[in-house]
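Participant: Provided herewith is a single structure, encoded as structure tokens, for subsequent inquiry.
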Amino acid sequence: MELGPAETYDFKRTGGGVLLIACGALAREIVQLIELNNWRHIDVTCLPAKWHNTPDLIPEGVRGKIREAKGKYEKIYVLYADCGTGGLLDKVLEEEGGVERIGGPHCYSFFAGNAVFEARGEDDMRAFFLTDYLAQHFDKLIWEGFGIDRRPDMVSFVFGNYEKLIYLAQAPTEELKEKAQAAAKKLNLTYEYRETGYGDLETFMRSAR
């Protein structure tokens, strides 16, 4: 399955047990892990993936999902990292009863593995990252989302401080690899490919009981 940038998504089989409140950009990987591991105790609800560009919407969006789910599930977990909310998401989670979220500053970190990402921080300081989802939807979320389709001269202004594009691949296909390479070319960045798998996302979901 592939979720579009503007869509919300629900994957519900139990109506009880565990609910994961997630970014729509993670829906494909989350459902893959649920089905691969037959985790029948887990339901998923996703907020719009396009909020990747407007992180100020995330904290209250998550709060609404938590309040809607309270009393219906034994446990609620949040599959957002801080994701540019500047600590506001963690404040909401504390206010809503200490709901646990996946660790890390953003999805690039937990897909790579938070410890690995931190260790490579200096080398990757000037890197722009893509995941499977962002490679698939690069034109909509990045090229059009930043208005570069209307002003191609803005590439150097928006991405001039980057040196390379790193594709962190979860379950890559040849099509996704080609899309990631094309994105690097569009942004005038050196292309680098790293196959991470699901990283800390899988570890966190295994502990969601």
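Participant: Tell me the residue from Gly113, Gly145, Gly199 that is among the small types (Gly, Ala, Ser), crowded, with 21+ Cβ neighbours inside 10 Å and closer than 19 Å to Cys23 by Cβ, please. Let's see the steps before the verdict.
Facilitator: Working: Gly113 fails: crowded, with 21+ Cβ neighbours inside 10 Å; Gly145 fails: crowded, with 21+ Cβ neighbours inside 10 Å.
Every option except Gly199 fails the conditions.
Participant: Ok, one more. Are any of the residues in the range 148-159 touching a helix residue (DSSP H, G or I) at 6+ places or on another chain (Cβ under 7 Å), surrounded by fewer than 20 Cβ atoms within 10 Å (Cβ to Cβ) and not aromatic (Phe, Trp, Tyr)? Let's see the steps before the verdict.
Facilitator: Step one: filter the range 148-159 for residues touching a helix residue (DSSP H, G or I) at 6+ places or on another chain (Cβ under 7 Å), giving 148-149.
Checking the rest, the ones that are also surrounded by fewer than 20 Cβ atoms within 10 Å (Cβ to Cβ) come to 148-149.
Subset that is not aromatic (Phe, Trp, Tyr): 148-149.
Yes: the range 148-159 contains one or more residues that are touching a helix residue (DSSP H, G or I) at 6+ places or on another chain (Cβ under 7 Å), surrounded by fewer than 20 Cβ atoms within 10 Å (Cβ to Cβ) and not aromatic (Phe, Trp, Tyr).
Participant: Does Leu47 qualify as being over 20 Å from Glu29 (Cβ atoms), of a type in the set (A, V, I, L, M) and at pLDDT 95 or above?
Facilitator: In short, no.
Participant: Can I ask one more? Would you please list the contacts, defined by Cβ atoms under 7 Å and residues six or more apart or on different chains, that run from a residue in the range 69-87 that is not assigned by TED's automatic domain parsing to the domain that holds Cys46 to a residue that is acidic (Asp, Glu) and in a loop (DSSP other than H, G, I, E, B)?
Facilitator: Matching pairs, first to second residue: none at all.
Participant: Sticking with this structure for a sec: Residues of the range 110-137 being among the small types (Gly, Ala, Ser) and in contact (Cβ under 8 Å) with a residue 40 or more places away in the chain, which ones?
Facilitator: Start the filter on the range 110-137 by keeping residues that are among the small types (Gly, Ala, Ser), which leaves 112-113, 115, 119, 121, 127, 135.
Ala112, Gly113, Ala127, Ala135, listed by residue number.
The values are calculated or read from the model by the stated rules, or taken from the named source; none is laboratory data. Everything numeric in this text was worked out from a predicted model, so none of it was measured. Note that we place each Cβ from the backbone using ideal geometry, even for glycine, and neighbour counts take in every protein chain shown.
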